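Trainee: One structure, pasted below without further comment.
The values are calculated or read from the model by the stated rules, or taken from the named source; none is laboratory data. Just so it is clear, the structure is predicted and the values come from calculations on it, not from any experiment. So basically every Cβ, Gly included, is an ideal-geometry build from the backbone, and we count neighbours across all protein chains shown. Calculation scope for accessible area: heavy atoms of the full protein, side chains included, ligands and nucleic acids excluded. Shrake-Rupley method; radii C 1.70, N 1.55, O 1.52, S 1.80 Å.
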Amino acid sequence: MANDVLRLHVLASGSAGNAAVIEDVRTGRCIAIDCGICKRDFLGRCAEAGVDPRAIEAVFVTHDHTDHTKGLGVTLRGLGKLGCTPPVYALDEVLLFSSELRRLAETTDQRRLSWDDPVSAAGMEVVAFPTSHDAAASCGFRVECSGKALGYLTDSGVVTPEAHDALRSVHTLALESNHDVDMLANGPYPFYLKQRVGSQTGHLSNDQACDELAKLLTEDGAGRLEAVVAMHVSRNNNTYRLPREGFERAAASAGHDVSVSVAFQDRLVSTG
Ligand SMILES: [Zn+2]
Ligand SMILES: [Zn+2]
């Protein structure tokens, strides 16, 4: 079954760059989350998704790591040339510490997000929740529109209690499934990076993501989940097959029919 209100277009996902667009399929109105890819890829994948980039009414930033922010300047300038100047929402610390956002302070409309204080944009309500990551005030988002909800969690070493609450009873779930624990341990990364990725402020492993999905599926409101997409999948310490199989297993053991997909680094995946 498809989410007949919200559609998630993951334009890119992974440590080389992240960007996503959430579209209200009834109106075509959109918001974007993060922009760590170049303007050409951003606009090209919007076109592929059938999204009019001029319909993007706000951009939300999860945290200030460059794989989530480095394309903001060029992409916003590109949108500006199309006559579209969406505000950029981020938590205070991100606005303060992100060099990319500081650089753009004069030329973009930057607005403060605060915890638990929903923002209305494109007919959607967007609320931020804390993630556990080695960046100032990193967050995920719960997006609601006409009784449908979408949860977006990437870049988190553990699922925080706030994140778990925010992801409950969503219809579409974008959930980080970054690495396979054994592949990370035996892989090419230097020791300090292995430590970082696997730490409580790093990235969710496939096992952690599957546990979270299983938990969400056995709780109240689980019947609502229609689609789940594995996010920020590592090209060094994971395969695209493992998160898919893990999510499919978790859904099957909960007796739940969920559409499972995996977001890619270099191509569009639409779900919901
Ligand atoms: Zn990232
Ligand atoms: Zn990060």
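Trainee: Is it true that ARG224 is modelled with pLDDT under 95 and more than 19 Å from the chain's Cα centre (by Cα)?
Mentor: Yes, satisfied.
Trainee: Next question. Identify, by number, the condition in (1) in a helix (DSSP H, G or I); (2) surrounded by 20 or more Cβ atoms within 10 Å (Cβ to Cβ) that VAL59 doesn't meet.
Mentor: Every condition holds for VAL59 apart from (1).
Trainee: While we're here: Test SER177 against the criterion of being open to solvent by less than 10 Å² (accessible area, probe 1.4 Å), within 16 Å of ligand 2 (Cβ to nearest atom) and touching a residue at least 24 places away in the same chain (Cβ under 8 Å), and give yes or no.
Mentor: So SER177 passes the test.
Trainee: Run CYS46 past the list (1) within 16 Å of GLY140 (Cα to Cα); (2) assigned to a helix (DSSP H, G or I); (3) more than 16 Å from ligand 1 (Cβ to nearest atom) and report the number of the one that doesn't hold.
Mentor: So the condition that CYS46 fails would be (1).
Trainee: Further question: Give the residue that is surrounded by the fewest Cβ atoms within 10 Å (Cβ to Cβ), with candidates limited to residues of the range 232-260 that are free of Cβ contacts under 8 Å to residues at least 40 places away in the same chain and closer than 14 Å to HIS179 by Cβ.
Mentor: ARG241
Trainee: Something else about it: From the set of residues in the range 63-76 that are more than 8 Å from ligand 2 (Cβ to nearest atom) and part of a loop (DSSP other than H, G, I, E, B), which is least open to solvent (accessible area, probe 1.4 Å)?
Mentor: It comes out as GLY71.
Trainee: With the checklist (1) assigned to a loop (DSSP other than H, G, I, E, B); (2) open to solvent by less than 80 Å² (accessible area, probe 1.4 Å) in hand, flag the one item SER15 doesn't pass.
Mentor: Every condition holds for SER15 apart from (2).
Trainee: Return the residue satisfying two criteria in turn: it lies in the range 194-231 and is without any contact (Cβ under 8 Å) to a residue 40 or more places away in the chain and among the polar types (S, T, N, Q), and of such residues it is nearest to GLU176 (Cα to Cα).
Mentor: Among them, the one singled out is SER205.
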